[in-house]
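Below is one structure; the comments refer to it alone.
The values are calculated or read from the model by the stated rules, or taken from the named source; none is laboratory data. All values reported here derive from a predicted model rather than from experimental measurement. No Cβ is skipped: glycine too gets one built from the backbone with ideal geometry, and neighbour counts run over all protein chains shown.
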């Protein structure tokens, strides 16, 4: 269980880091694409040197005759290293030349060309295309270096936070397994010290409350059993010489004493199941022998009990003592509410073992199926011993199922029509 949790915890930390990095990178990429788009849609400004060159070309062409202008333009282009030619005013339609005599344009390949409206020639001077300057190798590394920097900076920023979260989480996990050891994380954190201190304080208070509660339950149980034993002895002595009427009253009182003793025993069972030192005793329990023992034990409870196996193997891996306690609580509950019949079924699949107990009683309402396994929950508010119960039996069942790495649930019995309580746990369960 610890290894599975650690694996999930590491995945959580990795996902947190990856999410932050991906988010920052996504923002950077969107900004970069947006910037490129804006630069592509905005017309570049004419460089003053280019504007001066165009004016000089215009002056040279103005001095040449109309027949010589194309030749002069080619010669000037050879001298400048950039093609120059003349275009008619009707060949180009662009609003950029309305207010300014010159304008620059960038084509799809990234090359730049320039147009100049010559007042003396009444034509347009076309200069270009001019290839964009080659970026140096260092400039090409700017973008990858930026994204690498994002990874590094986010990692450096997150590292102490993730380390503190890991320290607090591990300590909380240890505390959940053993409430007797409060967390001590404040001195081992650097960024989340206030949170760690609050967790330490909370765990210390919880540890004290839980230990005091368990000590109180144990002390009360022990102290209550002593006077109960005295009351039983006194009732036994008084009943020897009592008449029939008094003997009936004594038996009623004795039944009340027994009920208190049973409640104490149930509370102690529930408290023991939550003790950190509880260890699971896993063993392969023979299914048939286990079923025979249960059938013999509940044969005289006044209800018809049937036990069957549906694909269960010859032996089931479980803690026999704890599972016997869980099944006993389920069978006692079923016997209490059943009309006539109760069934116990051993089941198995490729992934899990299961034990189901059905009855032909009224069943459990849908609204109560999530709360019926909580401690001191009783669906029947009657104070009668036959139906009231203590509200701990099903809580014990749920705890034992959890100790086996499984779960307990309740639904409608498919065969008998009442309630079906089912305990299921993995076939590969191991001690926790």
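Given the criteria under 23 Å from residue 332 (Cα atoms) and part of a helix (DSSP H, G or I), does residue 255 qualify? Reasoning before the result, please.
Values: under 23 Å from residue 332 (Cα atoms): yes; part of a helix (DSSP H, G or I): yes.
So residue 255 fits the description; yes.
Can you find, within region 81-105, the residue that is modelled with the highest pLDDT among those that are touching a strand residue (DSSP E or B) at 6+ places or on another chain (Cβ under 8 Å) and part of a helix (DSSP H, G or I)?
Filtering region 81-105 down to residues touching a strand residue (DSSP E or B) at 6+ places or on another chain (Cβ under 8 Å) leaves 82-89, 91-92, 94, 96-97, 101-105.
Those still in the list that are part of a helix (DSSP H, G or I) too: 96-97.
On the way: 96: 55, 97: 62.
Ranking the candidates gives 97 first.
Looking at this structure, is residue 208 outside the structural domain of residue 170 (by TED's automatic domain parsing) and in contact (Cβ under 8 Å) with a residue 24 or more places away in the chain? Can you show your working first?
Values: outside the structural domain of residue 170 (by TED's automatic domain parsing): yes; in contact (Cβ under 8 Å) with a residue 24 or more places away in the chain: no.
No, not satisfied.
Restricting the search to region 304-320, which residues are in a loop (DSSP other than H, G, I, E, B), loosely packed, with under 13 Cβ neighbours inside 10 Å and in contact with a strand residue (DSSP E or B) (Cβ under 6 Å, 6 or more places away or on another chain)? First the steps, then the outcome.
Residues of region 304-320 that are in a loop (DSSP other than H, G, I, E, B), as a first pass: 311-314.
Within this subset, residues satisfying the condition of being loosely packed, with under 13 Cβ neighbours inside 10 Å are 311, 314.
Across region 304-320, the qualifying residue is only 311.
Report whether or not residue 145 is outside any loop (DSSP other than H, G, I, E, B), at pLDDT below 80 and within 42 Å of the chain's Cα centre (by Cα). Break it down stepwise before answering.
On the way: outside any loop (DSSP other than H, G, I, E, B): yes; at pLDDT below 80: yes; within 42 Å of the chain's Cα centre (by Cα): yes.
Yes.
Run down 298, 337 and say which single residue is modelled with pLDDT under 85 and crowded, with 19+ Cβ neighbours inside 10 Å.
Values: 337 fails: modelled with pLDDT under 85.
None of the other options fit; the residue is 298.
Would you be able to say whether some residue in region 395-408 is modelled with pLDDT of 90 or more, part of a strand (DSSP E or B) and in the same structural domain as residue 295 (by TED's automatic domain parsing)?
yes
Given 234, 326, which one is part of a helix (DSSP H, G or I), farther than 30 Å from residue 413 by Cα and either modelled with pLDDT under 85 or assigned by TED's automatic domain parsing to the domain that holds residue 409 (or both)?
Details: 326 fails: farther than 30 Å from residue 413 by Cα.
Within the list 234, 326, the selection yields 234.
Does residue 162 meet the test of being in contact with a helix residue (DSSP H, G or I) (Cβ under 6 Å, 6 or more places away or on another chain), under 30 Å from residue 185 (Cα atoms) and at pLDDT 75 or above? Can you show your working first?
Values: in contact with a helix residue (DSSP H, G or I) (Cβ under 6 Å, 6 or more places away or on another chain): yes; under 30 Å from residue 185 (Cα atoms): yes; at pLDDT 75 or above: yes.
The answer is yes for residue 162.
Within region 350-368, track down each residue that is more than 17 Å from residue 401 (Cα to Cα) and not in a strand (DSSP E or B).
The initial filter retains those residues of region 350-368 that are more than 17 Å from residue 401 (Cα to Cα), namely 350, 358-368.
Correct list: 350, 360, 361, 362, 363, 364, 365, 366, 367, 368.
Name the residues in region 278-292 that are touching a helix residue (DSSP H, G or I) at 6+ places or on another chain (Cβ under 8 Å) and closer than 19 Å to residue 331 by Cβ, would you? I'd like the intermediate steps shown before the answer.
Residues of region 278-292 touching a helix residue (DSSP H, G or I) at 6+ places or on another chain (Cβ under 8 Å): 278, 280-281, 283, 285, 290.
If the condition is that a residue be touching a helix residue (DSSP H, G or I) at 6+ places or on another chain (Cβ under 8 Å) and closer than 19 Å to residue 331 by Cβ, then 285, 290 are the ones that fit.
Test of understanding: among 357, 364, 372, which residue is crowded, with 19+ Cβ neighbours inside 10 Å, within 26 Å of residue 302 (Cα to Cα) and without any contact (Cβ under 8 Å) to a residue 40 or more places away in the chain? Steps first, please.
Working: 357 fails: without any contact (Cβ under 8 Å) to a residue 40 or more places away in the chain; 364 fails: without any contact (Cβ under 8 Å) to a residue 40 or more places away in the chain.
Checking each option against the conditions leaves just 372.
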